[in-house]
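Okay, structure first, notes after.
The values are calculated or read from the model by the stated rules, or taken from the named source; none is laboratory data. Remember, predicted model here, so these are calculated numbers, not experimental data. Every residue, glycine among them, receives a Cβ derived from its backbone with ideal geometry; neighbour counts consider all protein chains shown.
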Amino acid sequence: MICNICPRKCNIDRSSHKGFCSEYERISIARAALHFYEEPSISGKEGSGAVFFSGCNLKCVFCQNSDISTGRIGKEVSVERLSDIFIELMEQGANNINLVTPSHYIYPIKEALIIAKNKGLDIPVVYNTSAYELPETLAVLEGLVDIYLPDFKYMDNTLAKNYSGVTDYSYHAKRAIAEMFRQTGPNVFDERGMMKKGIIVRHLLLPLGVKNAKQVVSYIHETYGDDVYLSIMNQYTPVGSDSLKKAGEKYPELLRKVTKREYDRLLDYVFSLNIVNAYFQEGETAEESFIPAFDYTGV
C-alpha cells in the first residue's frame, strides 16, 4: 500500500518499507488492557479497553509513550487477532474500546472493527489521536467510531515545528476535529455518566505554553461551544528519552514539569470564558507511574 493516509503523505509502500510512523502496514501493538487514567466518562470505575498501537505519525520530542511511538516496542498481530482482542476487552468489562495512536493503521482497524461488531462488539469505540489527521481518511470510520478523543497540541505552529517537526499542525487539527464533529455531533452520555458518543478535545499544557494553550481553548470554545468537552491536562512528564534529552539542549523548558502557577493561569482563563464542559486535573499528576507498562499484556 502506497501510504498517504496522514498529513505526512510519505508516499511509501508500507508493505515493504516503514513510513515516517516507523511502521509497516501490518498492525503492531504493545499493550491491550483495562486502563483507568482517561477522563472519568471514558474510564469510569471499570476501565477503558485501551489498545496501544506501535508507531506514530507525529513523534513529538517530549512524547510520554516514546518507547512505542518510535516503533521500538510492538508485536505484530493479524486483523482477526485484533478483532478478538476487542471482544476480550469487552468481556473483561471495559466501558469502551480505546484505540490509542491508531492513525497509521486506520484501514486494518476498520476491518477489525467490522469483524468484531459482527462477533457481538456492542460497546463504544474511542479513537484516541494526536489530531494530525486527514478528514478524508477519518471519514472511512464513520459509523464505526462513537467517541473521538483528539489532542489539540498547538495553535502556535512555531511550537509545532520545534517540538513535532511540522508547520501545519493547527490547520490539520482544525479540519480533523471538524470531521470528527460531523460524525458524532454533540456529546451523549448514558445514565451512569459514561460517554456514548461525542468528542473530548485534550490539551496537554507544556512548560512556557500558557499562551498557546489559551489559543487552543479559545478556538475550541468559539467553534463548538459546549457541544464538545475540553480536557485540560497538567501531567506533562519529562521522561528522559533520547529525543527529549537532545531537544532539551535547545529547548530547556521541556526538561521540567509544568508549574502550579502556569496551570492556574490557564484554568483562570478557562473559567473566564464560562466554559461548562471541561475536565481538569488536580494534585500531582506528572509522574511516570501514569505511563502504562508496554509489556505485551493482552496481545
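Numbers at a glance
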read-out	value
Which numbered condition residue 244 fails, given (1) in contact with a Leu (Cβ under 9 Å, 6 or more places away or on another chain); (2) over 20 Å from residue 162 (Cα atoms)	(2)
Residue ID - nearest to residue 166 (Cα to Cα), chosen from residues in the range 41-77 that are acidic (Asp, Glu) and modelled with pLDDT of 90 or more	76
Hits in the range 52-111 - residues which are over 19 Å from residue 135 (Cα atoms) and aromatic (Phe, Trp, Tyr)	52, 53, 62, 86
Any pair with Cβ under 7 angstrom, 6 or more apart, that starts in the range 131-151 at a residue that is closer than 15 Å to residue 113 by Cβ and ends at one that is in a helix (DSSP H, G or I) and of a type in the set (Gly, Ala, Ser)	138/176
Residue check for residue 71: touching a residue at least 12 places away in the same chain (Cβ under 8 Å) and within 15 Å of residue 295 (Cα to Cα)	yes
Helices (runs of 4 or more DSSP H) (entirely within the range 1-108) containing at least 2 residues that are surrounded by fewer than 23 Cβ atoms within 10 Å (Cβ to Cβ) and touching a strand residue (DSSP E or B) at 6+ places or on another chain (Cβ under 9 Å)	40-43, 79-91
Candidates 179, 191, filtered to the one that is surrounded by fewer than 18 Cβ atoms within 10 Å (Cβ to Cβ), modelled with pLDDT of 95 or more and not small (Gly, Ala, Ser)	191
Failed item in (1) surrounded by 13 or more Cβ atoms within 10 Å (Cβ to Cβ); (2) at pLDDT below 95; (3) not in a loop (DSSP other than H, G, I, E, B), with residue 286 passing the rest	(3)
Subset of the range 232-252 (residues that are surrounded by 14 or more Cβ atoms within 10 Å (Cβ to Cβ) and either free of Cβ contacts under 8 Å to residues at least 24 places away in the same chain or more than 20 Å from residue 69 (Cβ to Cβ) (or both))	232, 234, 248
